[in-house]
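The values are calculated or read from the model by the stated rules, or taken from the named source; none is laboratory data. Treat the numbers as computed from the prediction; the structure is a model and nothing was measured. Cβ: placed from backbone, ideal geometry, glycine included. Neighbour counts: every protein chain shown. We work out accessible area using only protein heavy atoms, side chains counted, and drop any ligands, DNA or RNA first. Shrake-Rupley method; radii C 1.70, N 1.55, O 1.52, S 1.80 Å.
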Amino acid sequence: MTPTDPSIGDEPTRMTDSEGAGHQYALKPGEHLAQYRILKPLGAGGMGEVYLVENVQMHKRYALKVLPPALARDPQFIGRFRVEARVMADLEHPHIVRVHHMGEERGLYYLAMDFIEGYDGEPLTLEDVLRDEGGRLKPERVREIALQICDALDYAHGFRDGV
């Protein structure tokens, strides 16, 4: 398929990943959505699918969240999505993932965000941290993570009119 092929997203492709085995992803590796080339799916849930992508102009990797088609057809939801994306793009905090771009192409609404990479180049998750620390976090580590979360929440709640 070419980057301008309108059929991208029309027929989901069955792909598997460690978290969403058997999920049918709308986009396949190698396809393009706007200026992003899909590298691989990272996961899927009720609020959309997330892909590892590369910006073809900047040669930088991002996590790209694509909204589910049902939500993309709801004008009120899309309005809220746009407002929230603009606010999220303005948040600058070391413990909040930054949104760099929001867009729509061929009816697919998406956000390009920081890709948090682990030591192996894969996404870094709490599950990874638990595995690396023997399946259980030490109380000091729990405190450290909790304080980072609280700091990020405090910042977001105090930002403009509060997030």
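Among residues of the stretch 97-122 that are over 21 Å from residue 86 (Cβ atoms), those with a beta-carbon under 8 Å from a residue that is of a type outside the set (Val, Ile, Thr) and surrounded by fewer than 13 Cβ atoms within 10 Å (Cβ to Cβ) at least six positions away or on a different chain give the pairs 106/6. Just for the stretch 30-53: of the residues that are open to solvent by 60 Å² or more (accessible area, probe 1.4 Å) and not charged (D, E, K, R), which one is farthest from residue 107 (Cα to Cα)? Here the answer is 46. Quick check on residue 121: is it under 18 Å from the mean Cα position of the chain (by Cα) and not hydrophobic (A, V, I, L, M, F, W, C)? So residue 121 fits the description; yes.
The rows are residues; the columns are (1) farther than 25 Å from residue 44 by Cα; (2) open to solvent by 80 Å² or more (accessible area, probe 1.4 Å); (3) out of contact with any strand residue (DSSP E or B) (no Cβ under 8 Å at 6 or more places or on another chain); (4) of a type outside the set (A, V, I, L, M, F, W, C).
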residue: 75; (1), (2), (3), (4): no, yes, yes, yes
residue: 108; (1), (2), (3), (4): no, no, no, no
residue: 112; (1), (2), (3), (4): no, no, no, no
residue: 161; (1), (2), (3), (4): yes, yes, yes, yes
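For (1) hydrophobic (A, V, I, L, M, F, W, C); (2) under 13 Å from the mean Cα position of the chain (by Cα); (3) at pLDDT below 90, each residue gets a yes or a no:
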position: 9; (1), (2), (3): no, no, yes
position: 13; (1), (2), (3): no, no, yes
position: 17; (1), (2), (3): no, no, yes
position: 23; (1), (2), (3): no, no, yes
position: 60; (1), (2), (3): no, no, no
position: 69; (1), (2), (3): no, no, yes
position: 76; (1), (2), (3): no, no, no
position: 79; (1), (2), (3): no, no, no
position: 83; (1), (2), (3): yes, no, yes
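Among the conditions (1) surrounded by 15 or more Cβ atoms within 10 Å (Cβ to Cβ); (2) in contact with a strand residue (DSSP E or B) (Cβ under 6 Å, 6 or more places away or on another chain), the only one that residue 56 does not satisfy is (1). For residue 28, the conditions (1) closer than 29 Å to residue 145 by Cβ; (2) free of Cβ contacts under 8 Å to residues at least 60 places away in the same chain are fulfilled apart from (1).
Here is the figure for the stretch 132-159: residues that are assigned to a loop (DSSP other than H, G, I, E, B) and open to solvent by less than 60 Å² (accessible area, probe 1.4 Å) total 3.
Within the stretch 95-106, does at least one residue satisfy the condition of being farther than 19 Å from residue 36 by Cα, open to solvent by 50 Å² or more (accessible area, probe 1.4 Å) and at pLDDT 90 or above? The answer is yes, given that some residue of the stretch 95-106 is farther than 19 Å from residue 36 by Cα, open to solvent by 50 Å² or more (accessible area, probe 1.4 Å) and at pLDDT 90 or above.
Considering the stretch 110-121, and only residues there that are modelled with pLDDT under 95 and either in a loop (DSSP other than H, G, I, E, B) or aromatic (Phe, Trp, Tyr) (or both), the residue that is farthest from residue 38 (Cα to Cα) turns out to be 119. Listed residues 87, 129; which is closer than 23 Å to residue 41 by Cα, open to solvent by less than 60 Å² (accessible area, probe 1.4 Å), of a type outside the set (Gly, Ala, Ser) and assigned to a helix (DSSP H, G or I)? Exactly one of 87, 129 is closer than 23 Å to residue 41 by Cα, open to solvent by less than 60 Å² (accessible area, probe 1.4 Å), of a type outside the set (Gly, Ala, Ser) and assigned to a helix (DSSP H, G or I), namely 129. Anything in the stretch 114-126 that is β-branched (Val, Ile, Thr) and open to solvent by 60 Å² or more (accessible area, probe 1.4 Å)? List them, or say none. Answer for the stretch 114-126, where residues must be β-branched (Val, Ile, Thr) and open to solvent by 60 Å² or more (accessible area, probe 1.4 Å): just 116.
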